[in-house]
Amino acid sequence: MSILDVKNVTKRFGGLIALNNVNLHVGKGEILGLIGPNGAGKTTLFNCITGFYRPESGDVIFDGQNITKLTPHDIAMKGVARTFQVVKAFHSMTVLDSVTTGALCRTRNVDEAKRQALKTLEFSGLLKKKDIPARSLTIVDRKRLGLASALATEPKLLLLDEVVAGLNPVEVEEVTKLLRRIRDSGVTLFVVEHVMRLIMSIADRIIVLHHGEKIAEGKPVEVAENKKVIEAYLGERYVA
């Protein structure tokens, strides 16, 4: 059963077609990967799903409801959260206050939001750093903070935009384990990533965009052997 359906979505910027009649679905409880070269339209697609952009045509259906024309706030309230390529933290706030801000999506009671934030920080491995300023975090902990802030909104679907970019192999493995725990907790994941080590090991299915069009879809091993994907993105060296 799908939790998200993207139907014939097209997005233009002037004369540039960023997304051209894109169709895809995300099944409840799965991890769907989205890969493709820079400029393929991956982040644009996330922006259309989460209400930051409105497509020229097509529909975005979440949990059976058409959310195409809703605001980002309304979409978040329905249960869609996201992270960004560059973590958008409140650098002047503590880690706890930053995540509490996300939890206020579900309640106006600050004490209740703070309790939810503490649970989320413990889950994300940041509880011991709850009182330090967000600006003092390492890169990997900023990534964890972005995840925690999104999780504090209690999403059904979490969109992750290059969540391990800039991390070393050990840190990538740590975040990979966290993503599996998030999925096991009942949150569906839709992941944009250039780090093939993560996406090939964690995704149930992978979709490939190129020049705003879907050129492939399937299990990781199927995508890795697809000639169009090899030519457009992976290259022969990766396959070898």
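Taking a ≥ b ≥ c as the square roots of the Cα gyration tensor eigenvalues, with a/c under 1.5 meaning rounded and otherwise prolate when a/b beats b/c, else oblate, which class fits the stretch 69-184?
oblate
Test of understanding: what is the full-extension gain from THR94 to GLU173, defined as 0.36 nm times their sequence separation minus their Cα-Cα distance?
Extra length from THR94 to GLU173 when fully extended: 25.8 nm.
Rounded to the nearest 0.05, what FRET efficiency is calculated for PHE84 and ARG54 with R0 set to 22 Å and r the Cβ-Cβ distance?
Computed FRET efficiency for PHE84 and ARG54 comes out at 0.70.
Taking mean projected area of the Cα convex hull in nm² straight from the coordinates, which label in [x] 14.6; [y] 13.9; [z] 13.0 is the correct one?
Answer label, from the structure shown: [z].
Quick one: net charge around GLY212, please, counting Lys, Arg +1 and Asp, Glu -1 for every other residue with C-beta under 13 Å from its C-beta.
+2
Below 8 Å, C-alpha to C-alpha, sequence gap of six or more: please give me the relative contact order for the stretch 14-83 in percent.
24
Using the number of other C-beta atoms within 10 angstrom as an exposure proxy, rank LEU145, LEU4 with the fewest first.
Arranged by neighbour count, lowest to highest, LEU145, LEU4 become LEU4, LEU145.
Starting with the highest mean, order 187-199, 159-171 by the number of other Cβ atoms within 10 Å, averaged over the residues of each peptide.
Ranked by mean Cβ neighbours within 10 Å, highest first: 187-199, 159-171.
Which order do the peptides 206-216, 46-56 take when ranked by the mean count of other beta-carbon atoms within 10 Å per residue, highest first?
206-216, 46-56
Remind me, relative contact order of the chain in percent, using alpha carbon pairs under 8 angstrom and six or more residues apart?
Taking the mean separation of contacting Cα pairs over the length of the chain, I get 25 percent.
Laboratory data are not the source of any read-out in this text; all were calculated from the coordinates shown. If you're wondering where the values come from, they're calculated on a predicted model, not measured in any experiment. Heads up, the Cβs are rebuilt from the backbone with ideal geometry, glycines too, and the neighbour counts pull from every protein chain shown.
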